[in-house]
Amino acid sequence: MISQYYVHQSGREQFLRELHEGNGSVTNFEAKIRREDGQIICVSTHAHYFRDEYGNVTGVEGTIRDITRIKQQEQQLLLTQLVSDQAPDSILWINEQAGICYANESSCRELGYSRNELLSMSIPDIDPDYTAEIWPIHWQELKQSGQLTFETRQRNKAGVIIPFEVSANFVKFGDSEYNVAFCRNISTRKKNQDRLRKGEERLRVWHSTLPIRPGLISISAAET
């Protein structure tokens, strides 16, 4: 009997319940069963009541399909989705028309939009450097090279301009093409670079105001 192979007896009970509620038929019922060799697999069952010539239920017949690999792939996809959603950097999937097809949680936080808002927008709506006229050129460049790294700016919902470093990757999946962009907020880096530049400028100004000592200059000239 198939019932002895169910990993959890509750799975068998659920199967019989759905079979009864489905007027003697069940489709794509998923459960875990244990094979003769002890390996646990996931299966999908299509079954119906088997009746005698008088219409009395005498058993259940159907087919069982091993869907273990499919379930593993689904789990991997869910894990990939979870990692992308919770990644510290912003991740955007963008189509050829510059429409945003996916935005992770970091993108929403950085830009101040909800996910549904971002999915209704395009890159020119958030990036003043990539207008509708420039985007097709960028898309072709990315498509040819496969990967680009560059700095750009994005405008959040409050209108604040934020500098980003973007790693753009051309991805083809079936008939669909995407720019999968990993965007890192570099505001702190830019501020540090600006402080360093201003410090170097002050140092140059300070050196330019130092008095010249002719004696040292003449000695240096003699040595040369």
**Prompt:** Inside the range 189-224, can you point out the residues that are modelled with pLDDT of 70 or more and over 51 Å from the mean Cα position of the chain (by Cα)?
**Reply:** S208, T209
**Prompt:** Regarding V83, is this residue surrounded by 12 or more Cβ atoms within 10 Å (Cβ to Cβ) and on the phi < 0 side of the Ramachandran plot?
**Reply:** no
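Would you point out which residue out of E177, E165 is within 21 Å of S84 (Cα to Cα) and either assigned to a loop (DSSP other than H, G, I, E, B) or in contact (Cβ under 8 Å) with a residue 60 or more places away in the chain (or both)?
Testing whether each residue is within 21 Å of S84 (Cα to Cα) and either assigned to a loop (DSSP other than H, G, I, E, B) or in contact (Cβ under 8 Å) with a residue 60 or more places away in the chain (or both) leaves just E177.
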**Request:** Starting from residues that are surrounded by 15 or more Cβ atoms within 10 Å (Cβ to Cβ) and touching a Leu at 6+ places or on another chain (Cβ under 8 Å), keep the ones in the range 139-154 and report whichever is nearest to A181 (Cα to Cα).
**Result:** L148
**Message:** Every residue in the range 27-56 that is free of Cβ contacts under 8 Å to residues at least 24 places away in the same chain, under 20 Å from I70 (Cβ atoms) and not hydroxyl-bearing (S, T, Y), please.
**Reply:** N28, F29, Q39, H46
**Message:** Would you confirm, using the coordinates I've provided, whether Y102 is within 30 Å of S44 (Cβ to Cβ) and free of Cβ contacts under 8 Å to residues at least 60 places away in the same chain?
**Reply:** yes
**Request:** Out of the residues in the range 1-42 that are among the aliphatic types (A, V, I, L, M) and at pLDDT below 90, state the one that is farthest from V60 (Cα to Cα).
**Result:** I41
**Asked** Where in the range 64-159 are there helices (runs of 4 or more DSSP H), lying fully within it, with 2 or more residues that are farther than 30 Å from E30 by Cβ and outside the structural domain of S44 (by TED's automatic domain parsing)?
**Response** 105-111, 115-119, 123-126, 135-145
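The values are calculated or read from the model by the stated rules, or taken from the named source; none is laboratory data. Since we're looking at a predicted model, the values are computed, not measured. FYI the Cβ positions are ideal-geometry reconstructions off the backbone, even for glycines, and counts take in every protein chain you see.
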